[in-house]
Amino acid sequence: MEIILKQNVPNLGYKDDIVTVKDGYGRNYLIPQGLAIVATEAAKKILAENKKQRAHKEEKIKNDAMALRAQIEALTIVIGTKASSNGKIFGSVNNIQLAEAIQKQGVEVDRKSILVKGDNIKELGKYVAKIKLHKEVEFELPFEVVAE
């Protein structure tokens with residue numbers, strides 16, 4: 001029996017895959033649980049059209065993320081903070097302060113997409129943060145923490 005998966009099913013396949021399963025497994029478990037539908041010719045045509053539209057949307061989202069990456073990489077990020085004479089920061093610098101520093105330069109980025117190694121920076125110096133804008137668009141952004 002050929003079926004189209006509506007959700008990811010462990011050890012079987014991912015959403016929108018067309019897989020072959022035994023009749024009992026398909027009729028008694030996958031279809032009643034809402035995990036799959038029977039792969040008729042009409043269902044296959046609908047699936048193909050949906051994949052085509054989704055691919056177009058994904059391509060646009062990816063291109064937007066690439067453009068945003070180019071804007072962010074062109075920036076020089078310097079975060080000023082209060083620090084002691086030996087270079088220790090009062091408090092810490094994390095992804096929130098980094099997102100605010102990027103926003104001050106006119107580029108909007110979600111703070112949840114920024115990963116600072118060790119989560120918090122407690123000393124002055126140069127660091128690198130990983131920014132993930134899309135599942136295929138991920139890069140490292142160098143920045144510097146200086147005393148005010």
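Every read-out reported here was derived from the displayed coordinates using simple, explicitly stated rules and does not represent laboratory data. The structure presented is a predicted model; accordingly, all values stated were derived computationally and were not measured. Using ideal geometry, Cβ is built from the backbone for each residue, glycine included, and neighbour counts are taken over all protein chains shown.
Between region 107-148 and region 3-46, what's the alpha-carbon centroid distance in Å? Each part reduced to its Cα centre gives a spacing of 41 Å. At full extension, Arg54 and Ala42 could sit 2.5 nm farther apart than now, given 0.36 nm per residue minus the alpha carbon distance. For the chain, set up a Gaussian network in which alpha carbons nearer than 10 Å are linked by springs, and say which option among Leu30, Leu124, Leu47 fluctuates the most. Highest fluctuation among the options: Leu30.
Among the trypsin sites (Lys or Arg not before Pro) in region 83-120, those located in a DSSP loop and surrounded by at most 16 other Cβ atoms within 10 Å of their own Cβ are Lys117.
Using Cα extents along the principal axes in Å as the read-out, say which of (1) 39, 35, 32; (2) 73, 28, 17; (3) 48, 31, 30 was calculated from these coordinates. Recomputing Cα extents along the principal axes in Å here gives the entry labelled (2).
Dipole size of the chain about its Cα centre, with +1 on Lys/Arg Cβ and -1 on Asp/Glu Cβ: approximately 240 debye, rounded to the nearest 20.
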